[in-house]
Structure formats: C-alpha cells, structure tokens
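The values are calculated or read from the model by the stated rules, or taken from the named source; none is laboratory data. If you're wondering where the values come from, they're calculated on a predicted model, not measured in any experiment. Glycine gets a Cβ as well: all are built from the backbone with ideal geometry, and neighbour counts include every protein chain shown.
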Amino acid sequence: MRKLSPEDAKKKKAIFDTMSPRRQKHILKKEGYDQWDPFIEPKDPIDLRQDKSKRTAIQLAREFLQTCDTEGYSNAFGQGAWEMCLGIVNDDERYKGMYEFVCWHRGLLKRDGLE
C-alpha cells in the first residue's frame, strides 16, 4: 500500500465512514483498513475484439445475414453463423479448422463440377 498524505488519509476515513456497515465489514474482513486503497485507478475497459477486417463479431454476423435470403435460413443457421463469427474474432483454432475445411470442401466440389 502506498503512503497516504494526511489529506488523503482524511478522505479515506470519510469514504469509509459513509459506507454501509455491511460494506465496511467486507473491507475489514477481506483486506483490512490499512491495506484498503479507495483511490485505485479503475481498470481499462475491455477492448472490443475485432477480426482482421476491423469488424466485431456482431458486425460480421449482421453483414453476412443481410446477404442471405431471409427464407433461406433458420435460427440454427443464424446461430451457426454467430458462433463462426465469435470463433474467428477470438482467433479460436477450432473455428479456424472448420473454416479451412469448408474452403477445402468447396474447392473439392468445384473441381469435381458439383457446385
């Protein structure tokens, strides 16, 4: 714990005194009054994860589903697309494998004249 100035010590006491007894008890039990620092800077907000095209998973899903025929997909179809978006944005190896397999399979069908 950093050394507090007399002014900060007064502020700390004022903050502690305005807390509910339950919250005070929690602080005393968890870390103790001397170790408790009410002046800690908040953590940075979580970064929005994006893919290589700088799109979030929700942006990818929306763009993809807008290109699909609305009669051509179900909730399960949309859920599958959403899971792929999350996997790609999170750089998940499982989804990379599924993507690579689909690309390979499509090439196989084209090569055999079945697409």
Here are R49, R23: which of them is within 31 Å of the chain's Cα centre (by Cα), of a type outside the set (F, W, Y) and modelled with pLDDT of 90 or more? R23
With the condition being of a type in the set (G, A, S) and either surrounded by 14 or more Cβ atoms within 10 Å (Cβ to Cβ) or in contact with a strand residue (DSSP E or B) (Cβ under 9 Å, 6 or more places away or on another chain) (or both), I'd like the helices (runs of 4 or more DSSP H) fully within the chain carrying at least 1 qualifying residues. 57-67, 75-89
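Every residue, every condition in (1) aliphatic (A, V, I, L, M); (2) free of Cβ contacts under 8 Å to residues at least 60 places away in the same chain; (3) closer than 30 Å to L4 by Cα, yes or no:
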residue: K25; (1), (2), (3): no, yes, yes
residue: Q35; (1), (2), (3): no, yes, yes
residue: I40; (1), (2), (3): yes, yes, yes
residue: K43; (1), (2), (3): no, yes, yes
residue: D51; (1), (2), (3): no, yes, no
residue: Q59; (1), (2), (3): no, yes, no
residue: E83; (1), (2), (3): no, yes, no
residue: Y99; (1), (2), (3): no, yes, no
residue: V102; (1), (2), (3): yes, yes, no
Could you list, in sequence order, the residues of region 74-115 that are more than 27 Å from the chain's Cα centre (by Cα) and of a type in the set (F, W, Y)? W104
